[in-house]
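Any read-out appearing in this document is the output of simple, stated calculations on the displayed coordinates, not a laboratory observation. The structure displayed is predicted, hence computed values, not measured ones. Note that each Cβ is placed from the backbone with ideal geometry, even for glycine, and that neighbours are counted across all protein chains shown.
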Amino acid sequence: MNALEDILVVDFSQFLSGPSASLRMADLGARVIKIERPGTGDICRHLYTSNVIMNGESSVFHAINRNKESFVADLKNEEDKKAVQELLKKADVVMHNYRPGVMERLGFDYYKVKEINDTVVYGEISGYGTEGPWKDKPGQDLLVQSLAGLTWLTGNAEDGPVPMGLSIVDMLAGAQLAQGILACLVRRGISGEGGLVQVSMLESVMDLQFEVLTTFYNDGGALPKRTETNNAHAYLGAPYGIYQTKNGFIALAMGSIPVLGKLLNCPDLLVYQDVALAFTKRDEIKEILAKHFLTGTTEQWLSVLEPADIWCADVLSWDRLMQHEGFKVLDMVQEVQMTDGYSYKTTRCPIRIDGEILSSPKASPKLGQDNELITEEFLRAPELRKAI
């Protein structure tokens, strides 16, 4: 039995943050029904973040909405709203990621849903919370990264702000929402009490920075300083970073500078005997390392450093990673199929329960493909069937 089997999630969310939370719940065994608008559906169906179109729709939509059902309803139409209300009466979890006030105007906010389903666990993601001057700003990943100070941690000292190359804030907010919902479901199982779970993208990315922010708060408010070269962490000393070699790159984590000098046969490093110098002289140490690593291949350096238990790694591209046995043994890629027969490869859930991999062959839904099934199963009254 899957951990969330028999849990029904009704998901109003679109784009990435909310759907990433419901994806994880679907992977854990929940039944997820996406509520989508007629005609266009989730905007992410047509939000082309790449030029890869799969079966007529965005690759992003297919990646983040597999293993779900699609139910089309016009939330501004009274008959459709009644049908959705009937569905919400039977839901264990309801969730959305609209801006503050939208669900209140539609009549599907937590307090309205609680009136018809008093044990519901209701989750919502906003960009910046429900109060304050930013509450109506668009909660878009790059914008939140930029406001949150995150872009001053990546890149070298002279690079200016550098955003992360993933929609990291969306995914973090989705993960936080899933955790909060699961905690509320546990409480409901014990006491019968539902609850409201609220997550903002800004709070999620601030939590991501808890390590460096704690340093900031306890270091007199000094801003982080990235190294001039090979920066990988604004607060860590040398040798922490990625270095070019004769034929590729090598990643190097923490380590004693003089020990590295001996292992790498680099006499210039032997003068840095004091541990504190790894921080106070990190730019010049990294400059020495950067020049020295160019004299040998990645394989050569790894063959010296790994046996000495120095934390280091090759820097792989996806094509090389996926040919490596270290990745293949994880069985991380699955093939899923849509109802029209279209199939595609994507990642599986990274969680294992009782040693079992959590996977499903069910791909993303066609817009409205499950209306008839859901209507027959949940909306038995004839007048409600006519509404769909």
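Kyte-Doolittle cut-off 1.0, length cut-off 18 Å along the helix's own axis using Cα: show which whole DSSP H helices in the chain pass.
Qualifying helices: 168-191.
How many nm is it between the label spots at residue 303 and residue 330, if each spot is 7 Å from the Cα in line with the beta carbon?
Spacing of the two 7 Å Cα→Cβ label points: 2.8 nm.
What's the magnitude of the charge dipole for the chain around its Cα centre, counting Lys and Arg as +1 and Asp and Glu as -1 at the beta-carbon? Answer in Debye, nearest 20.
Using Cβ point charges on Lys, Arg, Asp and Glu, the chain gives about 280 debye.
Let me know the Kirkwood hydrodynamic radius for region 286-386, please, with Cα pairs as the basis and the value in Å to one decimal.
Hydrodynamic radius (Kirkwood, Cα only) of region 286-386 equals 19.0 Å.
Compute the signed sum of charges (Lys and Arg +1, Asp and Glu -1) over the other residues within less than 15 Å, Cβ to Cβ, of residue 275.
+1
Taking 0.36 nm per residue of separation and subtracting the Cα-Cα distance, what length does fully extending residue 217 through residue 106 add?
That pair, residue 217 and residue 106, stretches by 35.8 nm at full extension.
Return the percentage of antiparallel bridges among DSSP beta bridges fully within the chain, rounded to the nearest 5 %.
Given both bridge residues lie in the chain, the antiparallel proportion sits at roughly 40 percent.
Rounded to the nearest Å, what's the spacing between the alpha carbon centres of region 4-23 and region 348-370? Just the number, please.
Using only Cα atoms, the two centres lie 12 Å from each other.
Which chymotrypsin sites (Phe, Trp or Tyr not before Pro) in region 9-63 sit in a loop by DSSP (not H, G, I, E or B) and have at most 12 other Cβ atoms within 10 Å of their own Cβ?
Answer by residue number: there is no such site.
With 38 Å as the cut-off, how large is the P(r) tail for the chain, expressed as percent of Cα-Cα pairs?
Tail fraction, whole percent: 33.
Give the residues of region 57-93 whose amide nitrogen is closer than 19 Å to a point set 7 Å from the Cα of residue 372 in the direction of its Cβ.
Counting only backbone N, you get 69-73.
Taking the alpha-carbon distance from residue 82 and a cut-off under 25 Å, which lysines remain once sequence neighbours fewer than 8 residues away in the same chain are dropped?
Filter leaves 34, 68, 90, 112, 114, 366, 386.
Rounded to a whole number of µm²/s, how large is the Stokes-Einstein D of region 1-76 at 10 °C and 1.306 mPa s, given Rh as the Kirkwood radius over C-alpha pairs?
Numbers: Rh = 12.8 Å.
Here the translational diffusion coefficient equals 124 µm²/s.
Tell me what the chain gives for mean residue ellipticity at 222 nm when only DSSP H runs of n ≥ 4 count, each as -39,500 (n - 2.57), the sum divided by the residue total, rounded to 500 deg cm²/dmol.
That comes out to -10000 deg cm²/dmol.
Select from 309, 283, 370 the residue whose mean-square fluctuation is largest in a Gaussian network model of the chain (Cα-Cα springs shorter than 10 Å).
309
Please list the equivalent ellipsoid semi-axes of region 241-321, computed as the square roots of five times the alpha-carbon gyration tensor eigenvalues, in descending order and whole angstrom.
22, 12, 12
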